[in-house]
Amino acid sequence: MNDFYSIQTQTGWRHALESFANWCDPPAGRLVLDVGCGPGLFIQLLRQRGCFAWGVDLDEDELRQIQPYPLCAVADAQFLPFPAQTFQMLTASNLLFFIGDPVAVLCEMARLTLPGGQVCLLNPSERMSLESAESLVQQRGLQGIARRSLLDWARRAENHQRWNEVEMEALYSKAGLMLLETTLKVGPGLARFTRGLKPA
């Protein structure tokens, strides 16, 4: 197993993804696509809820860890290999903040969303920084891979993008989506969960 799989399964990241799955709360039977799914823990969580969950990622080696593998595809998030209006929900965890053109990716996710469907995102919030992550590490006594993964997330967030509620609303609007809800999670609010609707 690679290091990313270990991070997803052996650190607080698993709890964050479980919290995100509960917050997204797709009913059983929904067709869901997770974009940038990595080794697929979030897909597994969705399937446990009775959803028909697919995943896409650029790294085929990550996808090979997912069972059943045929329900995944190697793809660029800006060019997803599915017809328009296919899924009732699309999700992405810690993907958009890395992307140079997040609007393009969100527009592509919106393209695949059925009218009345939702696009749910997990990204670092405006509160995420190396200083705030260090504080959480000390508070929780994190060590080893748990400490490294949280601090690495903070460094990447500082070097890329973090969004507040107003900025997320503008991002969704540019993709033709209506922001429904956003909330802060992970310690003092280092992550932002957002939910947007594709108008009918």
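Just a few scattered comments:
- Criterion violated by L136 - all others in (1) within 20 Å of A77 (Cβ to Cβ); (2) of a type outside the set (G, A, S); (3) in contact with a helix residue (DSSP H, G or I) (Cβ under 9 Å, 6 or more places away or on another chain) satisfied: (1)
- Residue that is surrounded by the most Cβ atoms within 10 Å (Cβ to Cβ), among those in segment 131-153 that are of a type in the set (S, T, Y) and at pLDDT 90 or above: S132
- Each residue in segment 143-180 was checked for being charged (D, E, K, R), touching a residue at least 12 places away in the same chain (Cβ under 8 Å) and in contact with a helix residue (DSSP H, G or I) (Cβ under 9 Å, 6 or more places away or on another chain), and 5 pass.
- Hits in segment 170-182 (condition: farther than 15 Å from P124 by Cα and touching a strand residue (DSSP E or B) at 6+ places or on another chain (Cβ under 6 Å)): Y172, L177, M178, L179, L180, E181
- Residue list for segment 79-97, filter: in contact with a helix residue (DSSP H, G or I) (Cβ under 9 Å, 6 or more places away or on another chain) and crowded, with 17+ Cβ neighbours inside 10 Å: L80, F87, M89, L90, T91, A92, S93, N94, L95, L96, F97
- Count - residues of segment 85-103 that are assigned to a helix (DSSP H, G or I) and in contact with a Lys or Arg (Cβ under 8 Å, 6 or more places away or on another chain): 3
- Every condition in (1) assigned to a loop (DSSP other than H, G, I, E, B); (2) over 17 Å from the mean Cα position of the chain (by Cα); (3) modelled with pLDDT of 95 or more holds for P81 except the one numbered (3).
- Residues that are small (G, A, S), more than 17 Å from G117 (Cα to Cα) and within 15 Å of the chain's Cα centre (by Cα), drawn from segment 164-200: A191
- Within segment 101-121, residues that are at positive phi reach partners that are surrounded by fewer than 20 Cβ atoms within 10 Å (Cβ to Cβ) and not β-branched (V, I, T) with beta carbons closer than 6 Å, at six or more positions or on different chains, in the pairs G116/A200.
- If only residues of segment 57-78 that are in a strand (DSSP E or B) and surrounded by fewer than 22 Cβ atoms within 10 Å (Cβ to Cβ) are counted, the one that is modelled with the highest pLDDT is V74.
- Test: residue in segment 48-56 that is within 16 Å of the chain's Cα centre (by Cα), among the aliphatic types (A, V, I, L, M) and either exposed (fewer than 15 other Cβ atoms within 10 Å of the Cβ) or in a strand (DSSP E or B) (or both): yes
- Filter pass, C37 being crowded, with 22+ Cβ neighbours inside 10 Å, modelled with pLDDT under 95 and over 21 Å from F193 (Cβ atoms): no
The values are calculated or read from the model by the stated rules, or taken from the named source; none is laboratory data. Fair warning: this is a prediction, and the values are worked out from it, not measured in the lab. Ideal geometry is used to build each Cβ from the backbone, glycine not excepted, and the neighbour counts take in all protein chains shown.
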